[in-house]
Amino acid sequence: MLAEVFQMTFYVYIDGWKRNIRFSAAHWVERAGKCERLHGHDYYVSIKLYGPVSDDGMIVDFSIVKSALKKIVEELDHKVLVPEKKVTKREDGLVFIKKDDKIMCIPEEDVKVLPIEVVTAEELAKYVAERLYEMLSDEIRRRGIYQIEICIDEGGGQEACHVKKLFA
């Protein structure tokens, strides 16, 4: 069965630019020149889901995927994105963040702490793929989807993608 699935490769694609699946956020990248300074981007999230066409004629219902992606981007929108390891403490509604030899103090509602090493388009793509899989794992398994590809675009024509293979 699995061999047949891979021989008949189909995918669905949702273009984040065209479907307005986007978020605006601030971040910094360590050891990256001018990107070490706090700065922001308008990010767009695109997705490909690979799998067989089910009896209903679909790989997956687009609306389910778009709804999940929109929830994920809402969590990130207008936040300062911070790697978990950079948070030194949370106190009185504030998040204390170690950046180089400084401590930044930002209101908790303005921060999204992420379980990633560094906030890059690559790491964000992996994070979004993992979150999407958590949210839709039953539907993904039920439909036999075997690969998720998430691309994070941080400016027209500049994107990083993560491919999450679900079956070996």
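Structure summary
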quantity: Residue in segment 113-136 that is within 17 Å of Lys48 (Cβ to Cβ), in contact with a helix residue (DSSP H, G or I) (Cβ under 9 Å, 6 or more places away or on another chain) and of a type in the set (Gly, Ala, Ser) present; calculated: no
quantity: Options Asp101, Asp110, Asp92; residue that is more than 22 Å from the chain's Cα centre (by Cα), at pLDDT 95 or above and acidic (Asp, Glu); calculated: Asp92
quantity: Index of the failed condition, Trp28 passing every other in (1) more than 20 Å from Ile116 (Cβ to Cβ); (2) among the aromatic types (Phe, Trp, Tyr); (3) modelled with pLDDT under 95; calculated: (1)
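The values are calculated or read from the model by the stated rules, or taken from the named source; none is laboratory data. Just so you know, these numbers come straight off a predicted model, no measurement behind them. Cβ atoms come from the backbone with ideal geometry, glycine included; neighbour counts cover every protein chain shown.
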